[in-house]
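*Asks:* Quick one: structure below, then a few questions.
The values are calculated or read from the model by the stated rules, or taken from the named source; none is laboratory data. What you see is a predicted model, and the numbers here were worked out from it, not measured in a lab. Positions of Cβ are generated from backbone atoms using ideal geometry, with glycine treated the same way; all protein chains shown enter the neighbour counts. Remember, those area values only see protein heavy atoms, side chains included, never the ligands or the DNA or RNA. Shrake-Rupley method; radii C 1.70, N 1.55, O 1.52, S 1.80 Å.
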Amino acid sequence: MNRLMFGLCTAVGCAFVLQFPATAIAGKVATEKMEKVVYSFDGTDGEYPEAGVVKVKGTLYGTTEEGGSYGDGAVFALVRKTGAETVLHSFSGGTDGERPYAGLIEVKGTLYGTTAYGGASGGGTVFSVDPTTGAETVVYTFCSQPGCADGELPFYGGLIPMRGTLYGTTWSGGTIGGGTVFSVDPTTGAETVLHSFGSDTDGADPVANLIDVNGTLYGTTWAGGTYGNYGGYGTVFSVDPTTGAETVLHSFGSGTDGQYPNAGLIDVNGTLWGTTGAGGTYGYGTVFSVNPTTGAETVVYSFCSQRNCPDGEDPLASLIDVNGTLYGTTETGGASEVGTVFSVNPTTGAETVVYSFCSQQECADGDRPVANLTDVHGKLYGTTLEGGAGSCEYGCGTVFEIKEH
C-alpha cells in the first residue's frame, strides 16, 4: 500500500468542512481555506486511493488500490456535487487485473487505466471501462513475451493519449529489465516497446506518467542516470515516439538537486516542472524545473525548510498549474505530519501550505495525500490514501475538495 519511497453516511460517505485562520508557514502566510471531504471510502466501495481523479461531465472518476467486491481494487464514479459514489468495476485479481495504482484517462467517452498486477500473465494490464455500463475490457496483458520483454508492472504512471495511441511506462521488464516506455493501440490491443531502460546511464524504474510536448514524450525514472544505473537517483528523459530514441536531460544525484522523482512532469510555457520525493537542501524533496532544450535543472523549492517540516515533506505527486501558480501534495509533513496541499510561485519559489491534513479528530479530513490534484472551476480535488470516516484501522481514504476564499 506504500508508495515507492524505499530507497515507494449512504454509500455517499460523510462530509466535513473545516475553516481555520491564517497561519505563518514556511515564511508565507496561508490565507483562510476550506477543506471538505466529498467521500470517505469504506471497503467494498474501494479502499486506499493512490491516484487522483479525472472529471468527465460533472462526474469524478478514479481508482482505489484495494477494496471493491474482491479486495483487489476498484474503478469508481463520484458525483462531485452530491457525493454519490458508484463502483463501476471491482477487480478480481485474475485476468481482469489487480491493484490499479494509477489514475484514469477519458478518450472519446471511454475510461482507460492500468493495473500493476493481474492479467493473463500476472504482469499487469491496460484496461478500459465503459462509464455507463461499468463493463471492463482488458486491452493488453503485460509479460506476454518471454522474460517480460514487453514490460511488467505498470505502477503509478497511467496512460496518456496521443494521436489515437496510448502511451505509458512499466516499472520493470523490457529487454534489459529496468522498465519500459510503451505504446498500445486501444482498438487492436497491439503493444510496442519504445524504449527499454536499464542500460548504463539511461535511467531505470520509471513509475510516473509521461507528457506530450509538441510530439515528444517526457518523463522521469525513479532510479538510474549518470550516478549509477540501479544505484542512481533518477532522471528526466525524453523519448521520440516515432523512433524510440531516448535522451537523458538531467540525472539526479548531487543531493541538493533532488533525488528519486516519483512523479511525472508538467509543461508550463516551454519549461518542465516536477517534484522529487527526496533530496534537496534538507533531504525531504523538491520542486524543480528543467529546460527541455539545454537540460539545465533548477531547484525552485526544498521541503522541510523548518523544524518538523510544517511546509511538508516527501512530495510524490505531479504538480498542476492553476493560473500561473503551481499546486501539489506532500505525503507527510505539515502541521500534523501526515501531508499537505501546497502552492509554489514558480517565479519567486515562495511556498505556501494551503492545507495540512489530519486537522480533525482521527484524521476524518484525510491523511497521506500521494496523488495529483485536479482543478475544477477554481476548486481543487484530490485523494488521500488514508484517513476519512471509513472503518479501516487508519481510515480507508478520501476524495476531498479544497477551495481558497
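*Asks:* Does Asp200 satisfy the criteria of being at pLDDT 95 or above, among the acidic types (Asp, Glu) and open to solvent by 20 Å² or more (accessible area, probe 1.4 Å)?
*Replies:* Criteria not met by Asp200.
*Asks:* Looking at the range 358-372, is at least one residue closer than 20 Å to Gly285 by Cβ and not in a loop (DSSP other than H, G, I, E, B)?
*Replies:* Within the range 358-372, one or more residues are closer than 20 Å to Gly285 by Cβ and not in a loop (DSSP other than H, G, I, E, B).
*Asks:* On to the next question. Kindly indicate which of Asp257, Asp240 is open to solvent by 40 Å² or more (accessible area, probe 1.4 Å) and at pLDDT 95 or above.
*Replies:* Asp240
*Asks:* Moving on to the next point. How about the range 265-330: which strands (runs of 3 or more DSSP E) wholly inside it have at least 3 residues that are out of contact with any helix residue (DSSP H, G or I) (no Cβ under 8 Å at 6 or more places or on another chain) and more than 17 Å from Thr216 (Cβ to Cβ)?
*Replies:* 286-290, 297-302, 320-322, 325-330
*Asks:* Hey, among Val56, Val126, Val75, Val138, which residue is at pLDDT 95 or above and surrounded by fewer than 17 Cβ atoms within 10 Å (Cβ to Cβ)?
*Replies:* The match here is Val56.
*Asks:* Within the range 274-323, how many residues turn out to be over 25 Å from Tyr101 (Cβ atoms), open to solvent by 20 Å² or more (accessible area, probe 1.4 Å) and hydroxyl-bearing (Ser, Thr, Tyr)?
*Replies:* Total meeting the criteria: 7.
*Asks:* A further question on this structure: For Thr187, which of the numbered conditions (1) in a loop (DSSP other than H, G, I, E, B); (2) of a type outside the set (A, V, I, L, M); (3) open to solvent by less than 20 Å² (accessible area, probe 1.4 Å) fails to hold?
*Replies:* Going through (1) in a loop (DSSP other than H, G, I, E, B); (2) of a type outside the set (A, V, I, L, M); (3) open to solvent by less than 20 Å² (accessible area, probe 1.4 Å) one by one, Thr187 breaks only (3).
*Asks:* Filter the range 331-342 down to the residues that are surrounded by 22 or more Cβ atoms within 10 Å (Cβ to Cβ) and in a loop (DSSP other than H, G, I, E, B) and list them by number.
*Replies:* Matches in the range 331-342: Glu331, Gly334, Gly339.
*Asks:* Given the criteria open to solvent by 10 Å² or more (accessible area, probe 1.4 Å), within 30 Å of Leu78 (Cα to Cα) and in contact with a Ser or Thr (Cβ under 8 Å, 6 or more places away or on another chain), does Asn345 qualify?
*Replies:* On the way: open to solvent by 10 Å² or more (accessible area, probe 1.4 Å): yes; within 30 Å of Leu78 (Cα to Cα): no; in contact with a Ser or Thr (Cβ under 8 Å, 6 or more places away or on another chain): yes.
In short, no.
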